[in-house]
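Trainee: Here you go, one structure.
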Amino acid sequence: MRKTILTGDRPTGPLHLGHYVGSLRQRVALQREHDTYVLIADLQALTDHFDEPEMVRDHVVEVALDYLAAGIDPAVATIVVQSRVPELAELTVYFLNLVTVARLQRNPTVKDEMRQKGFEADVPAGFLVYPVSQAADIAAFKAHLVPVGEDQLPMIEVAAEIVRRFNRIYGTTLVEPEALLGAVSRLPGTDGEAKMGKTLGNVINLSDPPDVVAARVRGMFTDPRHLRVEDPGTVEGNPVFAYLDAFDPDAAEVERLKQRYRTGGLGDTVVKRRLLEVLEALLEPIRRRRAEWERDRGAVEGILREGTARGRAAAAATLGEVRRAMRLYGAGPDA
Ligand code: TRP
């Protein structure tokens, strides 16, 4: 049986290399062998950007451009705009009964985000429950597999729990999802910090021009004790090597570079030059495809319209089953 995969991104800014290794690369690799849905999660984006609705709206097309540039093929994958599928909001309401507030408060990713956003004292209800809406996204499309980065594992766990509860109480209707981690599930920022972010200025965007990428690589944090070329250097926790591990197709060459770096005699500039080559080999075709789609924004809008219509039909079919399973008034003969 063909399996269904679903993933999503919040349209709040350009997609970066962290998105690429965490999930986007896998979606592109899997899209032909699976029924693939890619969700532009604008409702989820509003849970922490409700006061910037134009920003969220304008990023919907930008994220779609990033998808197309990165190799999502609209002929095989379905790109869906979340807010245009009201069935997702409906399923969220049913799911909210199946999870406790205490369970949601224990979610480590949500906890981190609450700290960052200063939501600890007074969290908006919508933000606390966004993992429930994400569970609804996954369940509505009957996704078996969710290719994600490590930070999203708690979300998939909650989703699987909710689905199990739903099936136990109302009868088996929904598919229990599984996370699919990439080979690299976590990429550090260019400053070596675990958390990447647009406002932290430590990301390389898929749409960044060559001079910006070069400057970011040049400014990358390395081993602060590796002062002279002859000095032995540390590879662990050194983001330049983390990026080489993630992007250099020649793993044997990366191993050789690591050896030389550890013993001393390999300068940071040489390693960074290699990394820049590797990144440009990846980003150059992405940039080129993006430029092509940018010239035809009408076509991009068309892809979003068609994808959303197809996605909505799939979600509506699931919601019909859900309403019948829940014995909702008027849901059908077997209710
Ligand atoms: N929470 C995800 C992120 O922060 C985005 C997302 C929304 C998602 N809905 C999803 C991911 C469904 C996987 C499946 O990037």
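Trainee: Residues in region 154-164: is at least one closer than 29 Å to A29 by Cα, modelled with pLDDT under 95, of a type in the set (G, A, S) and in contact with a strand residue (DSSP E or B) (Cβ under 8 Å, 6 or more places away or on another chain)?
Mentor: For region 154-164, residues closer than 29 Å to A29 by Cα, modelled with pLDDT under 95, of a type in the set (G, A, S) and in contact with a strand residue (DSSP E or B) (Cβ under 8 Å, 6 or more places away or on another chain): absent.
Trainee: Next question, about the same structure. May I ask you to list the residues in region 264-315 that are free of Cβ contacts under 8 Å to residues at least 12 places away in the same chain, under 30 Å from T173 (Cβ atoms) and among the β-branched types (V, I, T)?
Mentor: The answer is none; no residue qualifies.
Trainee: Please verify whether I169 is away from the ligand (no atom under 12 Å from the Cβ), buried (at least 23 other Cβ atoms within 10 Å of the Cβ) and assigned to a helix (DSSP H, G or I), treating the condition exactly as stated.
Mentor: No, not satisfied.
Trainee: Which ones in region 118-163 are more than 13 Å from the ligand (Cβ to nearest atom), assigned to a helix (DSSP H, G or I) and farther than 15 Å from E178 by Cβ?
Mentor: A125, G126, L128 - these are the residues of region 118-163 that are more than 13 Å from the ligand (Cβ to nearest atom), assigned to a helix (DSSP H, G or I) and farther than 15 Å from E178 by Cβ.
Trainee: Out of the residues in region 118-148 meeting the condition of being surrounded by 20 or more Cβ atoms within 10 Å (Cβ to Cβ) and farther than 16 Å from A89 by Cβ, tell me which one is farthest from the chain's Cα centre (by Cα).
Mentor: The residue in question is K142.
Trainee: What are the residues in region 27-52 that are among the basic types (K, R) and either within 12 Å of the ligand (Cβ to nearest atom) or under 23 Å from N202 (Cβ atoms) (or both), if any?
Mentor: R27
Trainee: Looking at region 1-26 only, could you name the residues that are within 12 Å of the ligand (Cβ to nearest atom), under 15 Å from I138 (Cα atoms) and not hydroxyl-bearing (S, T, Y)?
Mentor: I5, L6, G8, D9, R10
Trainee: Oh, and also: Look through region 53-82, keep the residues that are under 17 Å from R2 (Cβ atoms) and not hydroxyl-bearing (S, T, Y), and return whichever of them is nearest to the ligand (Cβ to nearest atom).
Mentor: My answer is A77.
Trainee: Among the residues of region 295-333, which ones are of a type in the set (S, T, Y) and in a helix (DSSP H, G or I)?
Mentor: The answer is T308, T318.
Trainee: Counting only residues that are exposed (fewer than 15 other Cβ atoms within 10 Å of the Cβ) and in a loop (DSSP other than H, G, I, E, B), which one in region 98-117 is nearest to the ligand (Cβ to nearest atom)?
Mentor: Among them, the one singled out is R106.
Trainee: Here is a follow-up. In region 227-262, how many residues are in contact with a Ser or Thr (Cβ under 8 Å, 6 or more places away or on another chain), more than 18 Å from E193 (Cα to Cα) and assigned to a loop (DSSP other than H, G, I, E, B)?
Mentor: 2
Trainee: Can you tell me which residue in region 180-224 is modelled with the highest pLDDT, limited to those that are within 15 Å of the chain's Cα centre (by Cα) and outside any loop (DSSP other than H, G, I, E, B)?
Mentor: Result: N205.
Trainee: Is it the case, given these coordinates, that R164 is free of Cβ contacts under 8 Å to residues at least 12 places away in the same chain, basic (K, R) and closer than 26 Å to R2 by Cα?
Mentor: No: the conditions fail for R164.
The values are calculated or read from the model by the stated rules, or taken from the named source; none is laboratory data. On a predicted model such as this, the values are computed, not experimentally measured, just so you know. Neighbour counts are summed over all protein chains in view; Cβ atoms, including those assigned to glycine, are modelled from backbone coordinates with ideal geometry.
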